[in-house]
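Structure first, then comments.
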């Protein structure tokens with residue numbers, strides 16, 4: 001009887017000491033963090049429908065000071081806290097944008113920028129829901145799908161848009177060779193499907209060849225504005 005009483009006491013103690021995530025109103029998951037953790041220390045940078053269910057969830061950026069959840073981008077999706085480590089990316093909390101992909105039940109992506117480079121410019125980063133149920137940066141061959149955007153005057157024209165098929169397209173220019181009297185550009189458009197946190201190339205085409213810089217600025221100003229995903233729904 002005494003042994004049975006000890007076992008019952010241990011079970012009761014274990015139940016009282018259960019994780020805070022046992023509260024159905026509080027989601028747990030990534031790194032053992034809870035919504036209380038991220039609400040207290042995370043800055044809301046966007047509200048996005050990451051799983052395509054029409055429910056907007058706060059996406060939070062957590063700084064380096066939090067013991068468990070620091071240097072992370074997190075969100076609650078389907079009642080579970082998902083996240084990814086972004087410590088090496090030096091993300092800014094300001095200037096984030098929700099990218100609404102086209103199509104029925106299409107999921108949203110979130111665009112954030114790294115802190116400005118000392119020589120001018122910044123690296124854009126896209127994030128979305130990966131598999132299984134995790135948040136991840138959208139990459140191709142392990143690198144950001146979007147090119148670095150220079151602001152020191154030495155960068156190549158580029159922009160990104162949403163495609164009708166529910167993916168994204170990146171248009172980028174390189175100086176035409178051989179060079180002529182007037183600077184000219186060759187512009188390539190590459191389209192991607194987005195699956196499980198990865199960008200999958202589906203096509204690439206040359207859309208402008210030897211386009212003179214002044215003419216290209218008039219016909220395709222989006223290549224020079226620095227704005228990304230302006231056409232998304």
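Taken together, the values in this text are just the output of simple stated rules run on the coordinates, not laboratory data. Bear in mind the structure is a predicted one, so any value in this text is a computation, not a measurement. Neighbour counts run over all protein chains shown; Cβ positions are idealised from the backbone, glycine included.
Once you put a point 7 Å from the Cα of residue 227 and another 7 Å from the Cα of residue 193, both along the Cβ direction, what distance in nm separates them?
Label-label distance for residue 227 and residue 193, simple model: 3.1 nm.
So for the range 25-225: antiparallel DSSP bridges make up what percent, rounded to the nearest 5? Mind dumping the intermediate values first?
Numbers: 56 of 58 bridges.
Of those bridges, close to 95 percent are antiparallel.
How much length is gained if the chain between residue 186 and residue 65 is pulled fully straight, taking 0.36 nm per residue apart and subtracting their Cα-Cα distance, in nm to one decimal?
39.0 nm
For n ≥ 4 DSSP H runs only, could you compute -39500 (n - 2.57) per run for the chain, divide by its residues and tell me the 222 nm figure to the nearest 500? The partial results should precede the final answer.
Working: 4 runs with 33 residues, N = 233.
Taking each H run of at least 4 residues, the total per residue is -4000 deg cm²/dmol.
For the range 115-213, what class follows from the C-alpha gyration tensor (a ≥ b ≥ c being the square roots of its eigenvalues): rounded when a/c is under 1.5, otherwise prolate if a/b is larger than b/c, else oblate?
Oblate, since a/c reaches 1.5 and b/c is not below a/b.
By how many degrees, 0 to 90 and rounded to 10, does the Cα axis of helix 2-16 deviate from the longest principal axis of the chain?
30
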